Amino acid sequence: MADSGDTVRVRRGEILLVVLASRGMMWDQPQTTGAAVRLVSARGGYPTTRPARSVFRAARAGKATLTSQTDARCLHSVPPCGISQRGWSVTVVVSKP
């Protein structure tokens, strides 16, 4: 959570590890927008209580945004609960090696 809103600069080919710890909250697996970063692997996160852990590879020069949000079982019930959710995002800028 401490990195939310930050910009991270990496070189093509580098690996990014994202771990969102639950601390009583469950997180969705981080997603990426843009083609600069590719998902390599993911585990944990909603619906488990394990931290959401994702590995991304900087695939090509450009920008990508990694995002996630907290989730809860009651948000998927009918009617859904009204708990507030927290968001997380990081901008990744990939340069050539």
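The values are calculated or read from the model by the stated rules, or taken from the named source; none is laboratory data. Not measured: the values here are computed from a predicted model. For neighbour counting, all protein chains shown are included, and Cβ atoms are generated from backbone atoms with ideal geometry for every residue, glycine included.
Would you confirm, using the coordinates I've provided, whether S89 is part of a strand (DSSP E or B) and small (G, A, S)? Here the answer is yes, as S89 does meet what is asked. Screening V10 with (1) over 15 Å from the mean Cα position of the chain (by Cα); (2) free of Cβ contacts under 8 Å to residues at least 60 places away in the same chain gives one miss only, at (2).
For the range 48-73, filtering for residues that are aliphatic (A, V, I, L, M), modelled with pLDDT under 95 and either over 17 Å from R23 (Cα atoms) or surrounded by fewer than 16 Cβ atoms within 10 Å (Cβ to Cβ) (or both) leaves 1. Filter the range 35-63 down to the residues that are in contact (Cβ under 8 Å) with a residue 40 or more places away in the chain and either within 10 Å of the chain's Cα centre (by Cα) or within 19 Å of D6 (Cα to Cα) (or both) and list them by number. If the condition is that a residue be in contact (Cβ under 8 Å) with a residue 40 or more places away in the chain and either within 10 Å of the chain's Cα centre (by Cα) or within 19 Å of D6 (Cα to Cα) (or both), then A36, V37, V55, F56, R57, A58, A61 are the ones that fit.
When restricted to residues that are part of a strand (DSSP E or B) and under 18 Å from G87 (Cβ atoms), the range 11-36 contains 8. Of all the numbered requirements in (1) farther than 12 Å from L16 by Cα; (2) modelled with pLDDT of 95 or more, H76 misses one, and that requirement is (2).
Note on the range 19-50: residues that are under 18 Å from S89 (Cβ atoms) and in contact with a Phe, Trp or Tyr (Cβ under 7 Å, 6 or more places away or on another chain) amount to 10. Pairs meeting the criteria (first residue in the range 76-97 and more than 23 Å from S54 (Cα to Cα), second residue of a type in the set (A, V, I, L, M), beta carbons under 8 Å, at least 6 apart or on different chains) are C81/A72; C81/L75; I83/A72; I83/L75.
The residue that is nearest to A2 (Cα to Cα), among those in the range 68-97 that are of a type in the set (V, I, T) and under 12 Å from the mean Cα position of the chain (by Cα), is V90. When L16 is tested against (1) within 11 Å of V92 (Cβ to Cβ); (2) surrounded by 15 or more Cβ atoms within 10 Å (Cβ to Cβ); (3) over 12 Å from the mean Cα position of the chain (by Cα), just one condition goes unmet, and that condition is (3).
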